[in-house]
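A short worksheet on the structure shown next.
The values are calculated or read from the model by the stated rules, or taken from the named source; none is laboratory data. None of the values given here were measured: they were computed from a predicted structure. Reconstructed Cβ throughout: ideal geometry from the backbone, glycine too, with neighbour counts over all protein chains shown. When the accessible area is computed, the model is the full protein with side chains, heavy atoms only, and any ligands, DNA or RNA have been set aside. Shrake-Rupley method; radii C 1.70, N 1.55, O 1.52, S 1.80 Å.
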Amino acid sequence: MFFPRSPLRGAPRGAASDHATARATARDKDTRPAFTPATVRAPAWRTRAALVAVAALTGTAALAPSAVADESPAPPPAEAPEGLFGDADPQYDGVWRQSYALLAQHTAGYTPGEEAVDWLAGQQCADGSFLPFRADPEQPCADVTASDSNATALAVQALAAVGGRQDAVDAGAAWLTGVQNEDGGWGINPGTASDANSTAVVIGALAASGNDPAAAERAGNSPYSALGTLQLGCEAPDDQRGAFAWQPDPESGDLFGSDMATVDAVLAAYGSGLLVDPETPEAPVTPLDCGGGDADADAEDEDEGGEESDSSASETADEEPLSPQARAGSAGAAQLVGTLESGENHLESTPPGGEPQPDFASTARAVLALAAGGHAEEAMASLEWLRAHHGEWDGYASDPTAVSLLVLAAHATGGTGEDFGGTDLLEQLGRLGPAPDSSPGDESGSGDGDDADGGSSPLPWIIGIGLVAGIGVGVLLSFRRRAAENGAENGAGRDAESDAVDGGSPENGAAGPDSDGTRSEKAASEESGPGADGPDEAEGSEGSAGPGSGDAEGERRPEQP
């Protein structure tokens, strides 16, 4: 998640001292084994660090400096450079939003523009890390302590997805493992205390770059060990069991559940980054096993179920046991589902001094987390809420990160985002940055799709050719029908003339009777002539491809002119 930063320190505004306190507190605590849930007391968001964390994690990145008492004067806004998505000041989130945009385009089947990929790769420092934004990439990164684990991890995921930048991907992953904390996790900047969100996004980067996150250990602790120390256990209130905290309280060391920390930690616990496979096998949501109570009652009910109980037990026995991190992920997912259901399928956040409001970003990432665990039904409920309400997300249409999050959520559940509650998210994203080099509609896949210079996809030409061909067929059939009708009229005229010569009468039909009451051989011969065949032929032609049918066919199948 994006955290607002002090322009001088590179840390969250006003939170540097709290980071140090939290780090000292965490290292003084007993080391817990991987994914052993920690103890929690009653929630109490009292500390300044907690307020900053809530603001950062709930999408209120534009928190006013006065809200956190940052006395440093803000520098003038930086102008967004060419090749970057979005036109807002990129100082705090340039790499972050660019990475999201590239991931969204890639997952929807587009080939991101080379200019956009070059811009992101060009932001990398010589040591493999990324700053939130480098105004002058030609200059070396002077302050490596300001390197951002979150920005680096997202950039690694994006560059790994688009391909062709393996050196940059490997360098970024190497830097991340090099600054890993002794507890196995990561903070926002090198040397800062581990937090759930930073650790989670790095896990996603390691997985995307082809590395096993569990194998990345420091002092015997893996990233999953770090997340385990931040998960609330059975001593927490019922509705908080399985949730994750961002960091321990810097004063007491207590853990307080955070929706944002939970969604990111659950996604990481399932071993996934932001690109979630929509074909993930279905799996049940398993709450934290605290023993006794409802769990015993449920077991008794199942035993009374006879054959159904036996079948369920058999299926459970055949299932592959979950890894410790997957069990922790499922426990977190269960807590998350309960929170979503109580909130009408969306999460809420309360900015400092504000009122509770829908948290669209958290809800979108909750869809990713649930889908990554195979909890498709639960994920779809929140996705449908986003479809219906995303238009209420203030400013989302001009925010590449917000639009991209919705695209990624749609992809995780098997969609594309091109018709998201009446919004074409890919078109919206395309208006915020460089056009992709190719789109799913480009048959050649050669990268000759829409571009900033006005180039266009071959699809309109195919449709046009199909329409012209259809019109031509219709005109041809129309001429043939007219010719047939004229032939019929001429034939009828000749029949009438012949009948008059033979003594027939117009009132008696096309060929009048002979004096002996029979039709003349001449009249019979005239009836079988071309004048009679004409209408039949025209009618048969209309049945197989009537006038205008070529138009319809051209519109339905433009790829077959």
| Test: residue in segment 115-132 that is more than 24 Å from G204 (Cα to Cα), under 26 Å from the mean Cα position of the chain (by Cα) and open to solvent by 30 Å² or more (accessible area, probe 1.4 Å) | yes
Within segment 391-424, residues being without any contact (Cβ under 8 Å) to a residue 60 or more places away in the chain, under 17 Å from H106 (Cα atoms) and part of a helix (DSSP H, G or I) number 4
Going through segment 121-140 in order, the residues found to be under 18 Å from A174 (Cβ atoms) and either in a helix (DSSP H, G or I) or in contact with a Leu (Cβ under 6 Å, 6 or more places away or on another chain) (or both) are A121
For segment 225-248, the count of residues that are under 14 Å from L336 (Cα atoms) and polar (S, T, N, Q) equals 2
Heads up, the helices (runs of 4 or more DSSP H) in segment 222-314 (entirely inside) with at least 3 residues that are modelled with pLDDT under 90 and either open to solvent by less than 60 Å² (accessible area, probe 1.4 Å) or aromatic (F, W, Y) (or both) are 294-303
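Here's the yes/no breakdown for (1) open to solvent by 20 Å² or more (accessible area, probe 1.4 Å); (2) under 10 Å from the mean Cα position of the chain (by Cα); (3) not β-branched (V, I, T):
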{"site": "L386", "(1), (2), (3)": "no, no, yes"}
{"site": "H390", "(1), (2), (3)": "no, no, yes"}
{"site": "D399", "(1), (2), (3)": "yes, no, yes"}
{"site": "T413", "(1), (2), (3)": "yes, yes, no"}
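Quick grid of which residues meet (1) of a type outside the set (S, T, Y); (2) at pLDDT 95 or above; (3) touching a Lys or Arg at 6+ places or on another chain (Cβ under 7 Å); (4) at positive phi:
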{"residue": "V144", "(1), (2), (3), (4)": "yes, no, no, no"}
{"residue": "S149", "(1), (2), (3), (4)": "no, yes, no, no"}
{"residue": "L159", "(1), (2), (3), (4)": "yes, yes, yes, no"}
{"residue": "Q166", "(1), (2), (3), (4)": "yes, yes, no, no"}
{"residue": "W175", "(1), (2), (3), (4)": "yes, yes, no, no"}
{"residue": "Q180", "(1), (2), (3), (4)": "yes, yes, yes, no"}
{"residue": "G184", "(1), (2), (3), (4)": "yes, yes, yes, yes"}
{"residue": "N189", "(1), (2), (3), (4)": "yes, yes, no, no"}
{"residue": "A196", "(1), (2), (3), (4)": "yes, yes, no, no"}
Condition set of a type in the set (S, T, N, Q) and in contact (Cβ under 8 Å) with a residue 12 or more places away in the chain, scope segment 354-390, selection nearest to A88 (Cα to Cα): answer is S362
inquiry  = One residue is enough: does segment 319-328 have a residue meeting the conditions modelled with pLDDT of 50 or more, touching a helix residue (DSSP H, G or I) at 6+ places or on another chain (Cβ under 6 Å) and not in a loop (DSSP other than H, G, I, E, B)?
reply    = yes
Flagged pairs (Cβ under 6 angstrom, 6 or more apart or on separate chains; first in segment 236-263, within 17 Å of G187 (Cα to Cα); second acidic (D, E)) are W246/D195; Q247/D195; P250/D18
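Table: residues versus (1) under 19 Å from A328 (Cα atoms); (2) among the charged types (D, E, K, R).
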residue: A116; (1), (2): no, no
residue: L120; (1), (2): no, no
residue: Q123; (1), (2): no, no
residue: A151; (1), (2): no, no
residue: V169; (1), (2): no, no
residue: A174; (1), (2): no, no
residue: D195; (1), (2): yes, yes
residue: A200; (1), (2): yes, no
residue: A215; (1), (2): yes, no
Picked from segment 110-120 (must be touching a Ser or Thr at 6+ places or on another chain (Cβ under 7 Å) and not in a helix (DSSP H, G or I)), the residue farthest from E418 (Cα to Cα) is T111
